[in-house]
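Contents: one structure, followed by commentary.
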Amino acid sequence: MSVVTNSSFQHDIDSLRSVLEVAPTLVVDVETNGLEPYKSNQICGVGVGEPNHLGLMQYYPFRHHQGENLTFEKLQQLINLLNGSVKTYIGYNIKFDLHFLNNEGLEVLSKKLVDVIVMARLIEHSDIKELGLTPTGKRRVGPEAVQYDIDTKKVLRSNKWNKDFSLAPPDILGEYCKKDVSLTADLYERFTKEVQRTKQQRIFDMQCDLTKVLYKMERRGIPIDVNYAKRSKDSISQRLQEVEQEIFRIADTEFNVSSPAQIGEVFTSLGIESPVKTPKGKDSWSEAALVSINHRLAGLIRQYRTLEKLVSTYIEPYVDTDVMHTSFCNWGTATGRLSSRGPNLQNIPRNHFKLGERDLSEEERANIKGKIAATVSAKGISMNTELSDDVLKTWSFVGDESYDSQDSSQISIRRLFVPRKGYSLVGFDYSQMEVRVFMYHFRNKKIDEILSKDDVDFHSEAAKLAFKVDESSDKFKEYRQAAKAITFGTIYGIGNTKLSQQLNTSPREAGQYKKQYFAAMEGSKDFFDKAVNKVALDGQIRSKYGRLYKIQRDFGYKGVNYLVQGLSADLLSERMLEVDKYLDGKKSNLLLQVHDEIICEIHDSELESVPYKIKELLKNNSLDIPLDVDMEIFQGSWAVKKDLKPLTFDDLIDWD
Amino acid sequence: MSGIARIQKRIDETRKPASTSNAPGRELWFRDGDQVFMSSIATGAEDDKFLDEIYLYTLRVGNGFTNVLKDDRVDTSAIPDENRPSHKFAVWAYVHNVIHTEKRNDDWEEVEGPAGKKMYREDINDFRIISLSFGRSDYIWNQLVDVYSDWGALNKGVIRVKRTGQGMYDTSYSITATPKQDVIPEDKMAELDDLPLIKDYFFERYGTFTLPEGGLTDDKDDDELF
């Protein structure tokens with residue numbers, strides 16, 4: 001590889017042009033002075049290479065603080081050449097590179113995008129979580145293939161260039177970039193063969209298209225109400241001080257509330273032991289431990305931690321950010337579900353937070369107890385302590401999903417996200433998608449009848465079938481809960497013991513419920529057993545969409561989960577592609593995807609027609625599964641929603 | 001129709017500028033607080049025959065008003081020089097309904113808004129001409145231009161036109177694009193070809209003028225003119 005210099009530029013770019021004339025596919029990798037393409041960070045150099053990793057490799061340096069940089073006219077010449085010649089870009093986590101290159105004028109949307117990390121997800125075993133270039137290269141090519149990464153990073157760290165690569169000279173970074181490009185090309189070649197061998201071409205092609213759609217969504221981003229972020233930060237900070245003061249008063253000493261060790265000392269001094277132990281047998285002061293302790297101090301510390309995390313994770317990063325550009329990862333989970341970073345949209349709380357303490361109604365107390373039980377159960381702990389009212393009251397800061405914009409003591413993270421002027425945020429939420437997909441795997445006449453009902457509650461229907469009860473029965477609610485727990489228990493592969501905890505019954509009785517359920521839901525047991533056996537026999541299972549999951553043979557239940565969750569995810573991706581095609585040339589845009597929900601910004605001039613068409617497109621699918629979609633319009637922000645119905649003239653009246 | 005409504009209708013009629021012909025009037029007149037919901041059939045494009053500008057004299061004759069079109073085809077030599085024509089733009093639109101703040105007709109349907117506020121809807125469902133002055137510094141016209149810029153054409157959705165105020169100096173109009181898109185019924189669309197050009201319509205309505213024997217009335221009441 002050559003690090004291109006001003007004197008070699010003409011020769012090098014001519015070579016690149018010749019290569020692209022023969023094959024318009026290019027591997028790209030950028031080196032940058034930071035990780036934020038939407039803020040002040042920029043590329044310091046561009047690495048390009050032929051997909052055949054032994055062919056042409058070049059590094060074009062532009063913004064290094066030492067060594068020779070190319071002029072910006074040459075950067076423009078390079079961009080112009082790429083815009084005119086390249087048809088396919090290949091990269092590792094390619095969206096990151098393309099956001100930076102787009103800032104320099106690179107056209108992206110007219111090109112095919114191949115993300116090798118997405119190929120890695122399709123090929124690697126589902127247990128493998130580390131999909132970065134270096135770990136994947138090490139696994140697939142060998143340790144020697146990634147030694148350059150270890151060596152170069154050592155140099156970068158020792159010179160304090162590791163936070164800002166532009167501080168390093170082009171010859172060091174250029175060589176590093178070359179190896180990245182070469183390794184990406186090598187993995188691309190290997191994975192292409194594997195994709196074909198494992199018959200995953202269809203799903204791979206879809207993922208390539210999805211990468212582009214996700215790129216567009218990231219690029220567009222969602223506006224932030226910065227003033228609300230600032231106000232919320234101030235309000236929570238004030239509340240944190242109040243909570244901290246009360247903690248110190250009860251503990252009768254001042255200490256670092258964020259330090260588990262110091263918390264332990266305080267509890268020990270008060271004669272309180274943790275009901276949860278660490279693997280080494282010591283007292284744990286984790287979330288699960290704090291919620292199990294019947295002491296107001298534990299409740300307040302938990303509240304303090306939650307509010308502190310709320311500010312640091314969801315508010316602080318946005319007080320000076322006009323638009324949030326999350327990163328979607330179509331390689332982030334073994335099932336194929338999308339994950340996101342910066343922020344993780346799945347974790348953005350739906351509920352509001354109430355800054356202050358208040359008395360709780362009987363119903364609220366019951367709800368809080370339910371939440372505590374769920375928290376404890378999720379950690380695999382059984383809780384025997386009954387919490388007193390003054391402890392339960394420390395939970396009163398957790399509100400429900402409603403949000404009252406007039407109540408200044410309420411904070412909603414979703415309130416941060418607002419529509420652009422002239423647009424409305426509209427959410428399309430698949431109704432009970434996983435249950436529908438689960439049932440699709442053993443569809444028969446009875447299941448089809450249930451699936452085709454309007455506004456159907458599957459858990460009620462399953463309860464009626466399995467336990468021969470109807471809605472008039474006093475115990476119907478209980479049986480519905482049992483049916484729901486078994487359905488999800490089957491999808492997520494929980495055993496009788498955990499099921500019995502959820503149903504507050506004995507493992508034996510839970511097993512009995514399960515038997516009844518499987519007997520009534522004709523085909524469900526067969527589907528479950530076949531999936532488990534397939535994994536046990538082959539160590540892999542293929543979804544109806546063609547995605548292949550490699551699973552440890554002893555964990556057959558995961559096969560059921562991957563089939564259901566994975567198929568849901570791939571269907572959602574398929575539908576997003578259709579929606580994207582439909583929106584081409586329109587003013588409305590796809591913005592976010594979180595859980596089974598898609599959030600779009602709909603231009604006012606399209607509000608009457610576009611959402612209804614999107615809903616229709618989302619319900620249709622290539623597998624012909626009867627899917628249903630709830631459509632809601634968010635009023636003013638993501639925090640307040642109402643059903644979207646066709647506008648009437650009365651809705652348009654100006655009442656002022 | 002109740003006695004009140006009947007008398008009110010007569011008052012309304014006399015306050016509208018009288019036509020100089022017997023052709024049926026297609027213009028829509030606004031009162032304070034009225035909101036008109038319309039789908040423009042004018043597109044705003046270069047060759048648009050449903051959008052035009054006109055100059056119109058409004059003259060006080062006896063207890064009423066007479067409009068006279070300033071046009072090469074109209075003899076306006078009898079109009080004193082101190083009478084200046086107002087410059088207006090006019091569009092053909094399919095008017096769905098008009099929302100009034102007061103009930104002046106039994107047929108109007110009551111509509112209740114937030115906090116129990118009541119207004120009254122008059123269904124029109126027919127083609128009407130909306131003619132408005134350009135406004136100080138063209139502020140009224142500019143709102144229509146904004147709708148055009150936003151939508152790329154004027155006929156992409158329902159437009160709300162609202163009048164606020166009564167007199168010459170305290171009346172304002174707002175023209176707003178709404179998110180609603182309403183389809184004009186097919187049978188009405190068939191009538192499009194029969195609609196006259198804006199200038200022809202105004203010529204037909206206000207194209208002749210004869211100075212009345214008593215001359216023009218001096219005390220100009222500017223109410224309801226804008």
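Quickly run through the stretch B:127-151 and pick out the residues that are loosely packed, with under 13 Cβ neighbours inside 10 Å and either small (Gly, Ala, Ser) or assigned to a strand (DSSP E or B) (or both). B:SER137, B:SER149 - these are the residues of the stretch B:127-151 that are loosely packed, with under 13 Cβ neighbours inside 10 Å and either small (Gly, Ala, Ser) or assigned to a strand (DSSP E or B) (or both).
Yes/no matrix, rows are residues, columns are (1) more than 24 Å from B:SER39 (Cα to Cα); (2) among the hydroxyl-bearing types (Ser, Thr, Tyr); (3) touching a Ser or Thr at 6+ places or on another chain (Cβ under 7 Å):
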| site | (1), (2), (3) |
| --- | --- |
| B:THR101 | no, yes, no |
| B:ARG104 | yes, no, no |
| B:PRO114 | yes, no, no |
| B:TYR169 | yes, yes, no |
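Table: residues versus (1) surrounded by 21 or more Cβ atoms within 10 Å (Cβ to Cβ); (2) without any contact (Cβ under 8 Å) to a residue 40 or more places away in the chain; (3) among the polar types (S, T, N, Q); (4) part of a helix (DSSP H, G or I).
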{"residue": "A:ILE247", "(1), (2), (3), (4)": "yes, no, no, yes"}
{"residue": "A:GLU254", "(1), (2), (3), (4)": "no, yes, no, no"}
{"residue": "A:THR268", "(1), (2), (3), (4)": "no, yes, yes, yes"}
{"residue": "A:LEU297", "(1), (2), (3), (4)": "yes, no, no, yes"}
{"residue": "A:ILE301", "(1), (2), (3), (4)": "yes, no, no, yes"}
{"residue": "A:THR313", "(1), (2), (3), (4)": "no, yes, yes, yes"}
{"residue": "A:GLN346", "(1), (2), (3), (4)": "no, no, yes, yes"}
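Looking only at residues in the stretch A:572-602 that are buried (at least 19 other Cβ atoms within 10 Å of the Cβ) and over 22 Å from A:ASN330 (Cα atoms), the one that is nearest to the other protein chains (Cβ to nearest Cβ) is A:ILE602. Has the stretch A:418-429 got any residue that is part of a loop (DSSP other than H, G, I, E, B), surrounded by fewer than 15 Cβ atoms within 10 Å (Cβ to Cβ) and either modelled with pLDDT of 90 or more or of a type in the set (Gly, Ala, Ser) (or both)? Yes, the stretch A:418-429 contains at least one residue that is part of a loop (DSSP other than H, G, I, E, B), surrounded by fewer than 15 Cβ atoms within 10 Å (Cβ to Cβ) and either modelled with pLDDT of 90 or more or of a type in the set (Gly, Ala, Ser) (or both). Checked against the criterion of being out of contact with any Ser or Thr (no Cβ under 7 Å at 6 or more places or on another chain) and within 14 Å of chain A (Cβ to nearest Cβ), the candidates B:VAL183, B:VAL145, B:VAL158 yield just one match: B:VAL183.
Yes/no per residue for (1) closer than 17 Å to A:LEU16 by Cβ; (2) touching an Asp or Glu at 6+ places or on another chain (Cβ under 6 Å); (3) not hydrophobic (A, V, I, L, M, F, W, C):
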{"site": "A:LYS74", "(1), (2), (3)": "yes, no, yes"}
{"site": "A:VAL86", "(1), (2), (3)": "yes, no, no"}
{"site": "A:ILE90", "(1), (2), (3)": "yes, no, no"}
{"site": "A:LEU106", "(1), (2), (3)": "yes, no, no"}
{"site": "A:ASP115", "(1), (2), (3)": "no, no, yes"}
{"site": "A:ASP127", "(1), (2), (3)": "no, no, yes"}
{"site": "A:ILE150", "(1), (2), (3)": "no, no, no"}
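Where helices (runs of 4 or more DSSP H) fall entirely within the stretch A:541-656, those with at least 3 residues that are touching a residue at least 12 places away in the same chain (Cβ under 8 Å) are at A:556-583, A:610-619. When we screen A:ASP164, A:ASP151 for residues that are of a type outside the set (Phe, Trp, Tyr) and either in contact (Cβ under 8 Å) with a residue 24 or more places away in the chain or buried (at least 23 other Cβ atoms within 10 Å of the Cβ) (or both), the only hit is A:ASP164. Failed condition for A:ASP651, given (1) away from chain B (no Cβ under 14 Å); (2) at pLDDT below 95; (3) surrounded by fewer than 16 Cβ atoms within 10 Å (Cβ to Cβ), with all others met? If we test A:ASP651 against (1) away from chain B (no Cβ under 14 Å); (2) at pLDDT below 95; (3) surrounded by fewer than 16 Cβ atoms within 10 Å (Cβ to Cβ), just (1) comes out false.
The values are calculated or read from the model by the stated rules, or taken from the named source; none is laboratory data. Please read these numbers as outputs of a predicted model, since none were measured by experiment. With ideal geometry, Cβ positions are generated from the backbone for all residues, glycine too; neighbour counts draw on all protein chains shown.
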